[in-house]
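Everything below concerns the one structure shown next.
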Amino acid sequence: MTTKHFSTEEIIGQSNAQRFIHKYQNDPSTIPPLLIFYGPDGIGKWSLAERFARHILCLEKRSCGLCPSCKAFMNNAHPDYIEFPSDTRIAIGEEKDPAEFTVRWLQSKRLNFRPHLSAFRIILFPDASLINNEAETALLKSLEEPPAHSKFIFLVNDLKKLKQTIISRAVCIPFQYLSQDNLKILGERHSLEIPKYFGGSLNPFEVPTEVLQLTQEKVNECADNSVLLLELESWVRSYKDQHPEWTDNFNYKAFLEIFCLLLIHHYAETTIAQHMQKIEAIYSFKENLHKNIAGIEPFLLSSLFHRLSYLT
């Protein structure tokens, strides 16, 4: 019996990527040493990579869910599936006794040995941009002369974050933003509420959910009242120094981008023509913000809120 659970068919909105994957599933011998899945975050790259890996490793060659390989995969214990961390830099490692999940550990302890259970070994880098320069250079030799049974999958949101020498050794598979219809299907399937301002992604921001919710509440409460806009400006300014909802890897410019997005979304949700001048003022703020002039944020914020108050 064939099970569709955890199948590549579950991934929607990525027809271009699916064509590549179906070809490789039908004939695993054609899988190149390195596949690079590239495109925005939160649109299915990781989900498709994991499902593809289970399919290729399956002893029945169909992601049956019943064989020892599928069971080991589902229990996060498959000896031939190596998934590197997605939240820490990937280093080259020491020459002697390299630490786990470094490039030298992979090369000396895993890569050249035959798979234990399946016909292949799959090595997944969920965020290949985290491979540091020295480690990326060390990987080149493994990609130039790879063991036939070991296949790499790199995930990255922008190909420019990888060396051209790495890209030239790969088949690069593009992923695209999801349509609103597909987002609705995924929301219903997984009981998720997906805000419209997410655009075509399930996870477009590297921002804590609490920050998104708090910022949206502040914007909705203050954006249409000239007096409350002053309170909103004060809160946006103070968030640079006091941001208890965002303690790790805080980025004030990223926060300002989120604030602008939610402000535009708020004004556009009502009568867009009525608020067009406000929206233009926000885009002007964003344009000047990206000029990367040190210490310019306070001046830009003053100008933006002065304009918004005048138009409210």
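Restricting the GluC sites (Glu not before Pro) of the stretch 159-227 to loop positions (DSSP other than H, G, I, E, B) with no more than 16 neighbouring Cβ atoms within 10 Å leaves Glu193, Glu206. Annotation: Glu10 carries an accessible surface of approximately 60 Å², with a 1.4 Å probe and no ligand, DNA or RNA atoms counted.
Checking [x] 69, 47, 32; [y] 58, 58, 41; [z] 85, 50, 46 against the coordinates, the calculated Cα extents along the principal axes in Å falls under label [x].
Taking the longest Cα principal axis of the chain as reference, the axis of helix 209-222 is set at about 20 degrees.
Residues Trp46, Trp105 ordered from highest to lowest accessible area at a 1.4 Å probe: Trp46, Trp105. Taking Phe125, Phe152, Phe299 as the candidate residues, the one with maximal mean-square fluctuation in a Gaussian network model of the chain, Cα springs under 10 Å, is Phe299.
Rolling a 1.4 Å probe across all protein chains gives Glu136 an accessible area of roughly 10 Å².
Taking Cα centre as origin and charging only the Cβ of basic (Lys, Arg, +1) and acidic (Asp, Glu, -1) residues, the dipole magnitude of the chain rounds to 1240 debye. Computed about its Cα centre, the charge dipole of the stretch 159-284 is approximately 840 debye, with only Lys, Arg, Asp and Glu carrying charge at their Cβ. Largest mean-square fluctuation among Phe20, Phe37, Phe154, in a Gaussian network model of the chain whose springs join Cα atoms under 10 Å apart, belongs to Phe20. Of Lys286, Lys161, the residue with the largest accessible area leads and the full order is Lys161, Lys286 (1.4 Å probe).
In the context of the full protein assembly, Phe120 retains an accessible surface of approximately 30 Å², using a probe radius of 1.4 Å and ignoring ligands and nucleic acids. When all protein chains stay in place and ligands, DNA and RNA are ignored, the 1.4 Å accessible-area order of Thr215, Thr137, largest first, is Thr137, Thr215. So how tilted is helix 133-144 from the main axis of the chain? Cα-based, degrees 0 to 90, rounded to 10. Around 40 degrees separate the two axes. Over the stretch 1-154, the ratio between the Cα radius of gyration and 2.2 N^0.38 Å evaluates to 1.02. Taking the square roots of 5 times each eigenvalue of the Cα gyration tensor of the stretch 122-219, largest first, gives ellipsoid semi-axes of 35, 17, 11 Å. Note on Lys161: aspartates and glutamates with a C-alpha under 18 Å away, same-chain residues under 8 apart excluded, are Asp41, Asp87, Asp127, Glu134, Glu136, Glu206. Share of carbon and sulfur in the accessible area of the stretch 57-115 stands at 47%, probe radius 1.4 Å. Springs between Cα atoms under 10 Å define the GNM used for the chain, and in it the highest mean-square fluctuation of His116, His266, His190 occurs at His190.
Given the pairs Lys184/Lys278; Lys45/Lys196; Lys196/Lys253; Lys240/Lys286; Lys23/Lys151, which are separated by over 26 angstrom at their Cα positions? Table pairs above 26 Å Cα-Cα are Lys184/Lys278. Couplings for the stretch 124-132, taken from phi via the Karplus curve 6.51 cos²θ - 1.76 cosθ + 1.60 with θ = phi - 60°, read 10, 10, x, 9, 5, 5, 7, 6, 6 Hz in order; Gly and Pro are left as x. Toward the positive end of the charge dipole of the chain, about the Cα centre and with charges on Cβ (Lys, Arg +1; Asp, Glu -1), which of Pro28, Phe259, Ile173 goes farthest? Most positive-ward Cα: Pro28.
Under a straight-distance cross-link criterion of Cα-Cα below 18 Å, which lysines are reachable from Lys163, leaving out those fewer than 8 residues away in the same chain? Leaving aside lysines fewer than 8 places away in the same chain, those within reach of Lys163 are Lys141.
The angle between the Cα long axis of helix 276-289 and the longest principal axis of the Cα atoms of the chain comes to about 60 degrees, rounded to the nearest 10. Size of the stretch 1-77 from its Cα atoms: along the principal axes, largest to smallest, the extents are 33, 27, 23 Å. Residues whose amide H comes within less than 5 Å of that of Ile153, counting only those at least five positions distant or on another chain, are Leu35, Ile123, Leu124, Phe125 (H built at 1.01 Å from N in the peptide plane).
If you add up the charges near Ala135, with Lys and Arg at +1 and Asp and Glu at -1, over every other residue whose beta carbon is less than 9 angstrom from its beta carbon, what do you get? Combined, the nearby Lys, Arg, Asp and Glu give 0. Select from the stretch 1-56 those trypsin sites (Lys or Arg not before Pro) which occupy a DSSP coil region and have at most 10 other Cβ atoms within 10 Å, ordered by residue number. Here the sparse-neighbourhood loop sites are Lys4.
The values are calculated or read from the model by the stated rules, or taken from the named source; none is laboratory data. Predicted model, so just to flag it, every value in this text is computed and none were measured. So basically every Cβ, Gly included, is an ideal-geometry build from the backbone, and we count neighbours across all protein chains shown. Just so you know, the surface numbers come from the protein's heavy atoms only, side chains and all, with ligands and any DNA or RNA stripped out. Shrake-Rupley method; radii C 1.70, N 1.55, O 1.52, S 1.80 Å.
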